[in-house]
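Please treat every number below as a calculation from the coordinates, not as lab data. Note that the structure is a prediction, hence the values are computed from the model and not measured. For neighbour counting, all protein chains shown are included, and Cβ atoms are generated from backbone atoms with ideal geometry for every residue, glycine included.
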Amino acid sequence: MDLNIVPRDTKLEAIRIRFSILRKIGIAGRANVAIELNDGLRAIIESGVRQRHPDYDDNMVCLAAIRLAIGEQLFRKAYPDIKVKV
């Protein structure tokens with residue numbers, strides 16, 4: 001196993017177990033895990049936006065989260081007329 005992918009605070013045996021589980025759940029299972037992680041991260045980002053901007057409606061929260069995710073330059077190309085603070 002490539003030791004460069006093992007975090008310093010994680011035992012090698014824990015990494016082996018993790019990879020064993022990931023192999024067992026297959027591609028579809030790994031895709032579901034990735035989707036769940038993405039959904040959780042988006043919820044956290046949106047929660048932060050809501051705390052900073054309680055006046056934002058759901059659409060503005062979504063746009064602010066998109067801006068954080070894709071960066072200012074790409075956001076301006078995709079949404080040139082949208083003014084949203086993050």
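For Asp9 and Ala69 in the same chain, what is the full-extension length gain: residue separation times 0.36 nm, less their Cα-Cα distance, in nm?
Taking 0.36 nm per residue and subtracting the Cα distance, the gain is 18.8 nm.
Could you give me the ³J(HN,Hα) list for the stretch 47-53, computed from phi with Karplus coefficients 6.51, -1.76, 1.60 and θ = phi - 60°, whole Hz, x at Gly and Pro?
3J(HN,Hα) across the stretch 47-53, in whole Hz: 4, x, 4, 4, 5, 6, 9.
Choose one of Ile44, Ile21, Ala31: the residue whose Cα lies farthest towards the positive end of the charge dipole of the stretch 9-78 (beta-carbon charges +1 Lys, Arg; -1 Asp, Glu; about the Cα centre).
Farthest along the dipole direction, towards plus: Ile21.
Most exposed first by the Cβ proxy, i.e. fewest other Cβ within 10 Å, how do Arg67, Arg18 rank?
Listing Arg67, Arg18 from fewest to most nearby Cβ atoms yields Arg18, Arg67.
Could you compute the net charge surrounding Lys83? Neighbours are other residues with a C-beta less than 12 Å from the C-beta of Lys83; K and R count +1, D and E count -1.
Every neighbour counted, the sum reads +2.
What 222 nm value per residue comes from the helices of the chain, counting each DSSP H run with n ≥ 4 as -39,500 (n - 2.57) and dividing by all residues, nearest 500 deg cm²/dmol?
The helix contribution divided over the chain gives -24500 deg cm²/dmol.
Taking R0 as 30 Å, what's the FRET efficiency between Lys85 and Leu37 from their Cβ-Cβ distance, rounded to 0.05?
E between Lys85 and Leu37, to the nearest 0.05, is 0.70.
Starting from 0.36 nm per residue, how many nanometres of slack lie between Ile27 and Cys62 once their C-alpha separation is accounted for?
Between Ile27 and Cys62, full extension yields 9.7 nm more.
Please report the base-10 log of the normalised intensity I(q)/I(0) for the chain, using a Debye sum with one equal scatterer per alpha carbon and no solvent, at each q in 0.20 (1/Å).
For the chain at q = 0.20 Å⁻¹, log10 I(q)/I(0) is -0.90.
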